[in-house]
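Colleague: Below: one structure in structure tokens.
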Amino acid sequence: MDDEYAKLIRRMNPPRVVIDNNSCEDATVIQVDSVNKHGILLQVIQVLTDMNLVITKAYISSDGGWFMDVFNVIDHDGNKIRDKEVINHIQRKLESNASLGHSRRGSVGVMPSEEHTSIELAGTDRPGLLSEVCAVLADLQCNVVNAEIWTHNARAAAVVHVTDTSTGCAIKDLKRLSLIKELLCNVLKVNNDFKTAKTTVSPPGVMNRQRRLHQIMFDDRDYERVESAVGIVQDMSSRPQVTVLNIEKDYTVITMRSKDRPKLLFDIVCTLTDMQYVVFHGMVHTGRMEAYQEFYIRHVDGLPVSSEAERERVIQCLEAAIERRASVGLELELCTEDRIGLLSDITRIFRENSLCVKRAEISTKGGKVKDTFHVTDVTGNPVDPKIIDSIRRQIGQTELQVKHNSFAAAKPPQETTTGFFLGNFFKVRSFQNFKLIRSYS
């Protein structure tokens with residue numbers, strides 16, 4: 001009965017979205033008012049990030065039964081969103097009942113697909129692992145059409161979309177799917193692995209890949225620190241700064257300061273949602289290179305963080321959420337014609353030249369591939385430029401390009417982003433922002 005009543009309330013009070021290009025000089029302002037429910041903040045942020053919008057500021061308020069958020073967004077070129085079709089599409093996505101409907105773990109972004117089979121992998125990271133996985137898939141006549149691979153704290157996770165090389169469609173034969181799962185599990189298993197390697201072959205109908213990767217790595221407990229291998233260079237000053245304090249009776253206040261990057265807010269809110277925390281108030285501010293975020297949270301049971309062990313776990317999980325997608329090493333981009341076995345060949349060349357893939361995104365569209373690889377040497381240190389030159393000669397100078405080197409990037413300056421750390425001041429400021437915006441709408 002409670003669920004039906006909640007659905008009735010949502011139908012009577014559909015989400016209201018206002019998109020404004022006049023009130024802010026350097027960003028498009030998107031205001032979302034809706035009936036509040038657990039998970040709605042993540043759903044709204046996912047809509048914005050799926051459209052490749054960059055969130056530069058955000059003000060979040062969801063106390064009581066109403067959800068009121070304001071986001072300042074720009075495109076990847078730093079411009080306001082002025083295209084009418086794009087604005088209308090954002091509004092439709094945010095206002096649709098499908099977008100803001102019932103949410104549960106594992107349901108955000110589920111989209112039916114008969115075009116591919118989704119494979120999820122989790123296990124211990126090691127040099128050459130991606131090459132071995134791609135070789136097995138190629139031998140099994142599986143063509144990788146899209147994939148995303150993350151590594152963090154000696155763990156690896158991947159969501160891979162494959163098709164049958166003969167039909168170009170999803171693989172549905174149960175015996176063949178079972179064989180794929182068995183052989184991939186053998187690749188992922190290593191000696192003295194105290195964590196179980198996992199392979200899941202999903203039927204058509206898959207979640208947003210990045211949303212699912214966060215869940216896989218969280219379930220794999222990648223947030224638990226491991227001893228660094230000898231020779232790996234670690235810059236501790238680049239680590240995110242996360243604090244968790246109970247400064248008020250009803251809330252736990254989380255503050256985070258880190259290097260800014262695309263989809264940072266999405267990654268953090270994914271983790272808070274999976275940990276069953278609710279954001280009641282929040283503020284996000286990004287500077288030229290640094291991001292500051294502050295959230296007032298409680299667990300879904302209504303309680304703030306109540307023990308030192310829980311506080312430490314929240315800090316570890318949020319550090320992991322920030323670090324998983326951070327750029328590591330040399331970024332290489334492959335753009336070329338697609339062919340069967342291409343990914344297996346490329347990753348084999350990387351392995352033969354002692355390159356270790358830390359993160360990768362594989363995409364295929366219209367017979368063309370656009371793949372991105374973040375690579376280091378096997379010790380986690382910068383790759384010798386002579387090795388990169390040799391690899392580019394093998395693959396093709398125009399097909400494989402060097403895009404970015406995180407080792408050579410300048411360290412971000414210490415910026416003085418403003419945080420409303422005092423609870424009453426933050427809530428007064430937040431309320432005034434919403435009141436001012438609503439008065440103009």
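Colleague: Hey, can you tell me all the residues within region 73-87 that are in a helix (DSSP H, G or I) and out of contact with any strand residue (DSSP E or B) (no Cβ under 9 Å at 6 or more places or on another chain)?
Modeller: 84, 85, 86
Colleague: Which of the residues spanning region 365-379 are of a type in the set (S, T, N, Q) and either open to solvent by less than 40 Å² (accessible area, probe 1.4 Å) or without any contact (Cβ under 8 Å) to a residue 60 or more places away in the chain (or both)? Give the derivation first.
Modeller: Narrowing region 365-379 to residues of a type in the set (S, T, N, Q): 372, 376, 379.
Listed by number, the residues that qualify are 372, 376.
Colleague: Out of region 286-333, which residues are closer than 12 Å to residue 272 by Cα, buried (at least 18 other Cβ atoms within 10 Å of the Cβ) and not aliphatic (A, V, I, L, M)?
Modeller: 295, 296, 317, 319 - these are the residues of region 286-333 that are closer than 12 Å to residue 272 by Cα, buried (at least 18 other Cβ atoms within 10 Å of the Cβ) and not aliphatic (A, V, I, L, M).
Colleague: Taking the residues in region 390-404 that are among the charged types (D, E, K, R) and open to solvent by 70 Å² or more (accessible area, probe 1.4 Å) as candidates, determine which candidate is nearest to residue 126 (Cα to Cα). Give the derivation first.
Modeller: At the first step, the residues of region 390-404 found to be among the charged types (D, E, K, R) are 392-393, 399, 403.
The next check asks that each one be open to solvent by 70 Å² or more (accessible area, probe 1.4 Å); those that pass are 393, 403.
Values: 393: 26, 403: 24 Å.
Top of the filtered list is 403.
Colleague: Let me ask another. Would you mention how many residues in region 351-406 are in contact with a Cys (Cβ under 9 Å, 6 or more places away or on another chain) and among the polar types (S, T, N, Q)?
Modeller: So the count comes out to 4.
Colleague: Quick one: count up the residues across region 57-66 that are surrounded by 21 or more Cβ atoms within 10 Å (Cβ to Cβ) and of a type outside the set (Gly, Ala, Ser).
Modeller: 2
Colleague: I need the full set of residues from region 297-349 which are of a type in the set (Ser, Thr, Tyr) and either in contact with a Gly (Cβ under 7 Å, 6 or more places away or on another chain) or over 26 Å from residue 153 (Cα atoms) (or both), in order please. Show your work before the answer.
Modeller: Just the residues of region 297-349 that are of a type in the set (Ser, Thr, Tyr), to begin with: 306-307, 327, 336, 344, 347.
Passing the criteria: 306, 336.
Colleague: Separate question: Go through region 271-292 residue by residue and tally those that are at pLDDT 95 or above and in a helix (DSSP H, G or I).
Modeller: Count: 2.
Colleague: Hey, residue 295 hits all of (1) farther than 11 Å from residue 322 by Cα; (2) at pLDDT below 95 but one; which does it fall short on?
Modeller: The one condition residue 295 does not meet is (2).
Colleague: I need the full set of residues from region 390-409 which are assigned to a loop (DSSP other than H, G, I, E, B) and not polar (S, T, N, Q), in order please.
Modeller: Hits for region 390-409 are 396, 399, 407, 408, 409.
Colleague: Looking only at region 104-124, how many residues end up being more than 29 Å from residue 355 (Cα to Cα), surrounded by 16 or more Cβ atoms within 10 Å (Cβ to Cβ) and either of a type in the set (Val, Ile, Thr) or modelled with pLDDT of 90 or more (or both)?
Modeller: Summing the residues that are more than 29 Å from residue 355 (Cα to Cα), surrounded by 16 or more Cβ atoms within 10 Å (Cβ to Cβ) and either of a type in the set (Val, Ile, Thr) or modelled with pLDDT of 90 or more (or both) in region 104-124 gives 1.
Colleague: Taking into account only those residues within region 155-209 that are of a type in the set (Lys, Arg) and at pLDDT 90 or above, which is surrounded by the fewest Cβ atoms within 10 Å (Cβ to Cβ)? First the steps, then the outcome.
Modeller: Of all residues in region 155-209, those of a type in the set (Lys, Arg) come to 155, 172, 175-176, 181, 189, 195, 198, 209.
Okay, now just the ones that are also at pLDDT 90 or above, so 155, 175-176, 181.
Working: 155: 22, 175: 7, 176: 16, 181: 16.
Of everything passing the filter in region 155-209, 175 is surrounded by the fewest Cβ atoms within 10 Å (Cβ to Cβ).
Colleague: Please give the number of the condition residue 34 fails out of (1) at pLDDT below 90; (2) in contact with a Lys or Arg (Cβ under 8 Å, 6 or more places away or on another chain); (3) open to solvent by 10 Å² or more (accessible area, probe 1.4 Å).
Modeller: Looking at each condition in turn, residue 34 falls short on (3).
Colleague: On to the next question. What's the total number of residues in region 125-136 that are in contact with a Phe, Trp or Tyr (Cβ under 9 Å, 6 or more places away or on another chain) and open to solvent by 20 Å² or more (accessible area, probe 1.4 Å)?
Modeller: 1
Colleague: Among the residues of region 36-57, write down those that are outside any helix (DSSP H, G or I), closer than 22 Å to residue 300 by Cα and in contact with a strand residue (DSSP E or B) (Cβ under 7 Å, 6 or more places away or on another chain).
Modeller: 36, 38
The values are calculated or read from the model by the stated rules, or taken from the named source; none is laboratory data. Just so it is clear, the structure is predicted and the values come from calculations on it, not from any experiment. For neighbour counting, all protein chains shown are included, and Cβ atoms are generated from backbone atoms with ideal geometry for every residue, glycine included. To get the accessible areas, we keep the full protein, side chains included, count just its heavy atoms, and leave off ligands, DNA and RNA. Shrake-Rupley method; radii C 1.70, N 1.55, O 1.52, S 1.80 Å.
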